[in-house]
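Undergrad: Submitted below is the structure of interest, expressed as C-alpha cells.
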Amino acid sequence: MVRNRKAQGKSNTQLYAIVASIITLFLAVIVILNQGPTNDERQADTRRAYPVVKLYRTSLCDCCESYENYLKSKGVAVQTMIVDQQELQDLRKRLGIPSQLFSCHTSVVEDYFVEGHIPLEAISKLLEERPNVEGIALPGMPQGSPGMDGTKTGPLKIYSKTGDSITIFMEL
C-alpha cells in the first residue's frame, strides 16, 4: 500500500509537470502572437524604396561624407564618386545648376539634380510628385542640415530650378 501511494504520488507529480509545461507553452504562444512589430520591423515598414543616389564630392570634405552616411542610415543606396573641384564645377554646369544654389556636393537622383545637404523628406517629395523641375537645392552648408554639425536656426529653404526660374520647393 505504501508502495502504491508512492507510485501514485510520482505519477501525479509527472502529470502536474506536463500540465504546467503545456500551460506555459500555451501562454508563450499567446504572448508571441499578440506582440506588435518590433522597432526594426516598424522602421522597415516606414522606409520606401529609393533609387540609387549618385553623390559627387571631393575627397577633402568631411560633411559630404557625413551626408552620405545620413542617406545610408535611412536605407538609401549611395554611389559615391570622388572628383576634384573642377570636375564638380563641370558637372554642375552640365546639370544647369546656377552658382547661387551651390553647396559642397552634388547628387543625381534619377533625372534630377539634388544639390547640397537636402533632407530625405525633400527627396521623397521630389520623387513622389515628380514635378517638372531640373532639380532641387539647399544652397550653402546650413547648420543642422543632414550631415552638418550645429543646431538648425530656422527652416531649411529648399529651392527648385526650372529653366531660368528658381522658386522655393519646400521649407523644413
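Undergrad: Report, in debye and to the nearest 20, how large the dipole of the range 38-172 comes out about its Cα centre when Lys and Arg carry +1 and Asp and Glu carry -1 on their Cβ. Let's see the in-between values first.
TA: Working: 15 positive and 19 negative charges, 25 e Å.
Value, rounded to 20: 120 debye.
Undergrad: Let me ask another. Based on the Kirkwood radius over alpha-carbon pairs, what value in µm²/s does the Stokes-Einstein equation return for the translational diffusion coefficient of the range 91-163 at 37 °C and 0.692 mPa s?
TA: On the way: Rh = 12.4 Å.
It comes out at roughly 265 µm²/s.
Undergrad: With each pseudo-label sitting 7 Å past Cα toward Cβ, what's the Asp149-Val52 distance in nm, one decimal?
TA: Those two pseudo-labels are separated by 3.3 nm.
Undergrad: Here's something else I'd like to know. Please compute the contact order of the range 40-171 in relative form: average sequence separation of alpha-carbon pairs under 8 Å and at least six residues apart, divided by the residue count, as a percent.
TA: Working: 229 pairs, mean separation 28.6, N = 132.
That works out to 22 percent.
Undergrad: Same structure again: Could I have the simple spin-label model distance between Glu171 and Lys157, label points 7 Å from Cα toward Cβ, reported in nm to one decimal?
TA: 0.9 nm
Undergrad: Do you know the relative contact order of the range 88-134, to the nearest whole percent, from alpha carbon pairs under 8 angstrom that are 6+ apart? Don't jump to the answer; show the numbers that get you there.
TA: Details: 30 pairs, mean separation 14.3, N = 47.
Here the relative contact order equals 30 percent.
Undergrad: Of Ala122, Leu95, Ile166, which is farthest along the charge dipole of the range 40-171 in the positive direction, counting Lys and Arg as +1 and Asp and Glu as -1 at C-beta?
TA: Checking the options against the dipole of the range 40-171, the answer is Ile166.
Undergrad: Still on this structure: Taking the range 112-172, which trypsin sites (Lys or Arg not before Pro) meet the DSSP loop condition and have no more than 15 other C-beta atoms within 10 Å? Don't skip to the answer; put the middle values down first.
TA: On the way: sites: Lys125, Lys152, Lys157, Lys161; in loops: Lys152.
Sites meeting the loop and neighbour criteria: Lys152.
Undergrad: Could you work out the Rg to Rh ratio of the range 40-171, with Rh taken as the Kirkwood radius (inverse of the mean 1/r over all Cα pairs)? Each step should come with its number before you reach the end.
TA: Values: Rg = 14.1 Å, Rh = 15.0 Å.
Reported Rg/Rh (Cα atoms, Kirkwood Rh): 0.94.
Taken together, the values in this text are just the output of simple stated rules run on the coordinates, not laboratory data. Keep in mind that what you see is a predicted model, and the values were worked out from it rather than measured. Positions of Cβ are generated from backbone atoms using ideal geometry, with glycine treated the same way; all protein chains shown enter the neighbour counts.
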